[in-house]
Protein chains: 2
Amino acid sequence: MAESREERFIGMMRALACDPAARALGDDAAVVDFGSETLVITHDMMVEGVHWLPGQDEADIAWKLVATNLSDLAAKGAQPIGVLLGYTLGPDDARFAQGLGEALAAFAVPLLGGDTVSAGHGARSHGLTALGRATHRPVPGRNGARVGDRVWITGPVGAAMLGFEVLGGAIRTETVPDATTRAFRRPVPRLAEGIALAPLVGAMMDVSDGLLIDAQRMARASGVTLALQSAAVPIAESLQADAAAEDRRHAAMTWGDDYELLFTLPPDIAPPCLAHAIGRVEEYRGHSLLLDGAAPQGRLGYWHDEPGIADPG
Amino acid sequence: MAESREERFIGMMRALACDPAARALGDDAAVVDFGSETLVITHDMMVEGVHWLPGQDEADIAWKLVATNLSDLAAKGAQPIGVLLGYTLGPDDARFAQGLGEALAAFAVPLLGGDTVSAGHGARSHGLTALGRATHRPVPGRNGARVGDRVWITGPVGAAMLGFEVLGGAIRTETVPDATTRAFRRPVPRLAEGIALAPLVGAMMDVSDGLLIDAQRMARASGVTLALQSAAVPIAESLQADAAAEDRRHAAMTWGDDYELLFTLPPDIAPPCLAHAIGRVEEYRGHSLLLDGAAPQGRLGYWHDEPGIADPG
């Protein structure tokens, strides 16, 4: 696969990220030893037309910006301390502020600072920095999956995909049911689960770009193979009625925005929270990812430089 | 003066920034007690056509993004720990990476993480989060100016203004002299000065939007009057030859982007670094800012929602 512009740029950035705290830019967040504590810090952006649909409720955009960044903290078992917002003024700043306030209240996180700018024309973008305190050290990474571990996920995939389709009009409904689109508009980071899991897991990450691509990233970072069983992957209830159920199952596994936690545990340890066993960690033998025993073909998830909505993590 | 959109939005944000670490969004950075240490954290954005000139060298844009954020840390006497970059892919990502690497090396700060996005169209924007460790507690703020203190600045104003004019073609030269535009393109945050000053100062901030407006902000935050003597304000050497020297002096005091530190000291304390005494702190009597004994008229500096280049802080 040809290297994309984004991959090239990230390669250049990796050369500047020589501090171990940066984890070679290969993890969900930076992990900084800081006095007696360990700081976990992440920054993600959202761009109009890429990460949100034109005309979407500004309150939902704000919520998602908070939730996707806190999801990166959840993947580290970090307790959020606060956020800094980089905001581009838009069509309804009050709605944005409303949604931001709702998200910060829901996750009990204060706004600490940031910056506000006007962009004369073109696509707006926002950035958010989320800051957390590690609750367990060492802080889990993507690279800790060990042969023999079981692979787990905290919840189903596909609900965000369906929400996106309904919201974008790909699936026609008389009125857009709020509950159906909620998973796409208002994801909930698995903060409590991340904190409970951090002392136990081998590897942990959040599923932001699609289960298959994210599982492959975990496998590569750990130098192992993740062998998943597709029938074991929990699929959102709202998708199960779908006529083309099998195609939809695959789509759900390669779509992003679900923000469940993907993690590995030694086989004798049960997860301390609701989770689904979806596979095993095996020795690497030529493929980082196996699905039902074979290397999955085609698109595994959201990939950089692709048009469309996804990849907030 | 009518409230601008940005002011309205910041007002809404202030309601969400109830944590004391946020300093009511009225300071250069957030100050977070974190275990045995105190964290200083700031996030500033730069927007194409607002904070940089179209066609400007991408390496300079990267440098300035780093420098302006580190300047906020300097104002707190913080030692930088690292930065996170929110980057929008552009015409020359390799030049941006080059300038970023130069700035990070010059200030000995590692890249810790961030995000890269593509914006389909329109103005690009970048954000940077800078993270530092407080070297002195309490961490200085804008609100510590006390009646009787002297007011100081670490260096001259106006060089960035001249650099901007030359670079933008407002002043025609056969070739653009690198040294003349350097102050605008490659500002240097006063990190060592900030650390040396932090244990001594009453109030401290960086001059990013213009000396007069920033002095007024310090005065307001402290509930005092800053009485400045214009003849005492150091003006960049390159401006002193100017025919209309007096007009230029005023312009230099109301232009931003200089990134010197403005601070107050008790009258019996001499600054531990090169600095110029430019005024005194007086009891508030109706005007926050006096210049040569009178409230200055007109524009005091870069103001929100204004078109033009400035306000990276």
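All of the numbers you see were taken from the coordinates with simple rules; none came from a lab. Everything numeric here is computed off the predicted structure, so don't read it as measured data. Using ideal geometry, Cβ is built from the backbone for each residue, glycine included, and neighbour counts are taken over all protein chains shown.
Considering chain A as a Gaussian network with a 10 Å cut-off on Cα pairs, which listed residue, A:ASP178, A:ASP28, A:ASP57, attains the greatest mean-square fluctuation?
A:ASP178
Report the full-extension gain for the segment A:GLU3 to A:ALA192: residue separation times 0.36 nm, less the Cα-Cα distance, to one decimal in nm.
Gain in length upon complete extension: 64.3 nm.
Give me the percent of DSSP beta bridges within chain A that run antiparallel, rounded to the nearest 5. The partial results should precede the final answer.
Working: 38 of 50 bridges.
Looking only at bridges with both residues in chain A, the antiparallel portion is about 75 percent.
Using Cα positions and a limit of under 28 Å, work out the lysines in reach of B:LYS64, with same-chain residues fewer than 8 apart set aside.
Partners found: B:LYS76.
Which of B:ASP247, B:ASP93, B:ASP258 moves the most in a Gaussian network model of chain B with Cα springs under 10 Å?
Judging by the Gaussian network model, the answer is B:ASP247.
Choose one of B:PHE96, B:VAL233, A:LEU300: the residue whose Cα lies farthest towards the positive end of the charge dipole of the protein assembly as shown (beta-carbon charges +1 Lys, Arg; -1 Asp, Glu; about the Cα centre).
Of B:PHE96, B:VAL233, A:LEU300, it is B:VAL233.
Calculate the dipole size of the protein assembly as shown relative to its Cα centre from +1 charges on Lys and Arg beta carbons and -1 charges on Asp and Glu beta carbons; express the result in debye to the nearest 20.
Details: 50 positive and 80 negative charges, 201 e Å.
My answer is approximately 960 debye.
Ignore the peptide's own chain and count Cβ atoms of other chains within 10 Å of each Cβ in B:77-85; give me the average, rounded. Intermediate results must be reported in sequence, preceding the final value.
Details: counts 0, 0, 0, 0, 8, 8, 3, 10, 6.
Going residue by residue through B:77-85 and averaging, the value is 4.
Defining the label point at 7 Å along Cα→Cβ, can you sort the distances from B:GLU246 to the same site in each other copy, shortest first, in nm?
Spacings between copies for this position, smallest first, are 8.8 nm.
Given only helices, namely DSSP H runs of n ≥ 4 each adding -39500 (n - 2.57), what is the per-residue ellipticity at 222 nm of the protein assembly as shown, to the nearest 500 deg cm²/dmol? Before the final figure, lay out the partial values.
On the way: 18 runs with 188 residues, N = 626.
Dividing the helical sum by the residues of the protein assembly as shown leaves -9000 deg cm²/dmol.
Pairs of Cα atoms under 8 Å, at least six residues apart: use those to get the relative contact order of chain A, whole percent.
Values: 716 pairs, mean separation 74.1, N = 313.
Averaging sequence separation for qualifying contacts and normalising by length gives 24 percent for chain A.
Using every pair of alpha-carbon atoms in the stretch A:48-197, split the distances into 5 Å bins beginning at 0 and state the percent of pairs per bin, rounded to integers.
2, 8, 16, 19, 17, 16, 11, 7, 3, 1, 0
Under 11 Å from a point placed 7 Å out from the Cα of B:ALA24 along the Cα-to-Cβ direction: which residues of the stretch B:117-140 have their backbone N that close?
Flagged as within label range: none.
Normalising by the residue count of the stretch A:150-291, find the relative contact order in percent from Cα pairs under 8 Å and 6+ residues apart.
Numbers: 267 pairs, mean separation 66.1, N = 142.
Normalised by residue count, the contact order of the stretch A:150-291 is 47 percent.
B:ARG14 to B:ASP178: extension gain in nm, 0.36 nm per residue of separation minus the Cα-Cα distance?
Details: separation 164, 0.36 × 164 = 59.04 nm, distance 4.12 nm.
Net length gain for the segment: 54.9 nm.
Inter-copy label distances at A:ALA179, 7 Å along the Cα→beta-carbon direction, one decimal in nm, shortest first?
7.3
Which Rg and Dmax, in Å, describe the Cα atoms of the stretch B:5-134?
Expressed in Å, the Cα Rg and Dmax of the stretch B:5-134 come to 15.4, 46.
Averaged over all directions, how much area does the convex hull of the C-alpha atoms of the protein assembly as shown cover when projected, in nm²? Kindly include the intermediate steps, with their values, before the conclusion.
Numbers: hull surface 113.1 nm².
That works out to 28.3 nm², a quarter of the Cα hull's surface.
Label position 7 Å from Cα toward Cβ: report the copy-to-copy distances for A:ALA15 in nm, one decimal, ordered from shortest.
When each copy's label point is compared with this one, the spacings are 4.9 nm.
What Rg and what Dmax come out for chain A when only alpha-carbon atoms are used, in angstroms?
When restricted to the Cα atoms of chain A, Rg and Dmax are 18.8, 58 Å.
Choose one answer from A:ARG23, A:ARG280, A:ARG190: the residue with the largest mean-square fluctuation in a GNM of chain A with alpha-carbon springs under 10 Å.
Residue with maximal mean-square fluctuation among A:ARG23, A:ARG280, A:ARG190: A:ARG23.
Cα-based Rg of the stretch A:150-291 per 2.2 N^0.38 Å, rounded to two decimals?
Values: Rg = 15.5 Å, N = 142, 2.2 N^0.38 = 14.5 Å.
It is 1.07.
Return the chain B residue and its Cβ-to-axis distance, rounded to the nearest Å, for the rotation relating B to A.
For chain B, the closest residue to the axis carrying it onto A is B:GLY122, 0.
Nearest 5 is fine: what % of DSSP beta bridges in the protein assembly as shown come out antiparallel, could you say?
Values: 78 of 102 bridges.
Of the beta bridges lying entirely in the protein assembly as shown, close to 75 percent run antiparallel.
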